[in-house]
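The structure appears right after this line, and notes come after that.
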Amino acid sequence: MGAALAVMIFTGCAAKKTTTNSSKPGTNESAEADKLLYERAISDLQHNRFELARLSMQTLINTYPDSEYLAKAKLAIADSYFKEGGTTGLTQAVAEYQDFITFFPFLDEASYAQMQIGMAHYRRMEKSDRDRSEALEAEAALQTFLQKYPQTELTPRAEQRLREVQEVLADGDFRIASFYYIRRMDKASAPRLLDLVNRYPLFSAADRANWMLASIYERNAHTDVASSYYTRLVKEYPLSPLAAEAKGKLVKFGAPVPQPDPTALARMQKEQQIPRGRPGFLKRPGELLKSGPDVSTAARVGTPTLTPQAEDATDTLSPGAGLSVVAAGGGSGGNDGRGTGAYVQTVSPGASDPPAGTSGSAANSGPTAGSNVPPTADASAQDQSAQGGQAATSTNAGQNANGNADPPSQASQGTSQGESSSKKKKSKKQVQLQPQ
């Protein structure tokens, strides 16, 4: 009897325990299914199973729209595309990060999403002498991040990436400007140098750009504007190898030699103390095959430019009648170091194109209307030679028309001979048709 009672008690306890354990997992599974999906997706993402991770995240978003893991799942989908990489993956990552910012703009992760947008374009950025569309997109995204989220833990990294992107953009402009500068094509070189020195002061070759721009104005006899750029070089780039020569130019022009700016001097001193790794002899062939740009020369200190491209208040090409120096807003360049200029060449409506031999002289004719910059001596001499050449051409044309100068060309001779032979044939026919 006692044995039977003991068996019954043991059986009842086991049944109760089984019932309790079976009901508890069902409740937990229902309450934490979204968490299980999220953890499973994160595990797949860590093991590079991107498709499975995105499938679990999308299931979570569609099945549990009120889940606390909804924003995290949306961000994890973007991260999966970013980590997968490639052209398609990074393009899709940018779209997903933008969607996250649209739906969750006030979360702390929105700053991370904006930073990742800039990094996606940064990873697709090409060398400075190639397509620069991705570099421009990266610059705009990083500028947006620094303007919207200036006080985050990602801010120092974003500033450095922006300095590297702007180094690539400035290097591309500098290469083109140098190409025209060497060939003394000042009208093509000067506008690019103007935009470069005003927009990217942290560029590694900004001192050379200021020197080249001052040289362009100096050889076109605009010493006042040239002095402003020599002054900027001495003041903002005091440790440059060109600073001593710039001081000599200022002394030659009779302009005051400024003192170095303390902030610029401290920045350049810090830059010189930062070690910069350069590829060795064995690594250089690999650098040639690399599609990404070399950013080892980018600045490490200083605030990058936060002004977008469309809103940059740089000097523009203003309409005029020839070679002139025009500052921002249409005024003439000043001596404050910030007034900039540009060469402009305009053609009046209805005017014919100048001859190929006198195109340079026509471009260097008198000053712009309303400009107080006098024309150079070279421009006047070239203008006079151009007028003399045009007069000689018109005189020769008139003499040829009167038959008193050079003999006509072979084409004109052939035409006149053809006309005379046809007239002879016509007169001969008329003679034959006359009655005798």
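Count of the range 109-147 residues, restricted to those that are open to solvent by 70 Å² or more (accessible area, probe 1.4 Å) and either within 24 Å of Ala73 (Cβ to Cβ) or among the aromatic types (Phe, Trp, Tyr) (or both), is 3. For Gln92, the conditions (1) open to solvent by less than 40 Å² (accessible area, probe 1.4 Å); (2) modelled with pLDDT of 95 or more are fulfilled apart from (1). Residues that are under 13 Å from the mean Cα position of the chain (by Cα) and among the polar types (S, T, N, Q) within the range 113-153 comprise Ser128, Ser133, listed in sequence order. Here Ile176 clears all of (1) among the β-branched types (Val, Ile, Thr); (2) without any contact (Cβ under 8 Å) to a residue 60 or more places away in the chain; (3) part of a helix (DSSP H, G or I); (4) open to solvent by less than 70 Å² (accessible area, probe 1.4 Å) except the condition numbered (4). Of the numbered conditions (1) in contact (Cβ under 8 Å) with a residue 60 or more places away in the chain; (2) in a helix (DSSP H, G or I); (3) polar (S, T, N, Q), Ser204 fails exactly one; give the number of that condition. Looking at each condition in turn, Ser204 falls short on (2).
Residue-wise test of (1) touching a residue at least 60 places away in the same chain (Cβ under 8 Å); (2) surrounded by fewer than 20 Cβ atoms within 10 Å (Cβ to Cβ); (3) in a helix (DSSP H, G or I); (4) touching a helix residue (DSSP H, G or I) at 6+ places or on another chain (Cβ under 7 Å).
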{"residue": "Gln151", "(1), (2), (3), (4)": "no, yes, no, no"}
{"residue": "Glu164", "(1), (2), (3), (4)": "yes, no, yes, no"}
{"residue": "Ala190", "(1), (2), (3), (4)": "yes, no, yes, yes"}
{"residue": "Trp211", "(1), (2), (3), (4)": "no, no, yes, yes"}
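For the range 139-155, the criterion of being under 20 Å from Thr297 (Cβ atoms) and small (Gly, Ala, Ser) is met by none of the residues. Summed over the range 233-258, residues that are part of a loop (DSSP other than H, G, I, E, B), under 20 Å from Thr223 (Cα atoms) and open to solvent by 70 Å² or more (accessible area, probe 1.4 Å) total 1. Pairs, please: C-beta under 6 Å, at least 6 apart or cross-chain, first residue without any contact (Cβ under 8 Å) to a residue 40 or more places away in the chain and in the range 241-268, second of a type in the set (Phe, Trp, Tyr) and assigned to a helix (DSSP H, G or I)? From residues that are without any contact (Cβ under 8 Å) to a residue 40 or more places away in the chain, the pairs are Leu242/Trp211; Ala246/Tyr230; Lys249/Tyr230; Leu250/Tyr230. Counting the residues of the range 28-68 that are part of a helix (DSSP H, G or I), free of Cβ contacts under 8 Å to residues at least 24 places away in the same chain and of a type in the set (D, E, K, R) gives 5. Screening Ala73, Ala93 for residues that are in contact (Cβ under 8 Å) with a residue 24 or more places away in the chain, within 23 Å of the chain's Cα centre (by Cα) and in a helix (DSSP H, G or I) leaves exactly one candidate, Ala93.
The values are calculated or read from the model by the stated rules, or taken from the named source; none is laboratory data. Everything numeric here is computed off the predicted structure, so don't read it as measured data. As a convention, Cβ positions derive from the backbone with ideal geometry for all residues, glycine included, and neighbour counts pool all protein chains shown. The area values use the complete protein model at the heavy-atom level, side chains included, leaving out ligands, DNA and RNA. Shrake-Rupley method; radii C 1.70, N 1.55, O 1.52, S 1.80 Å.
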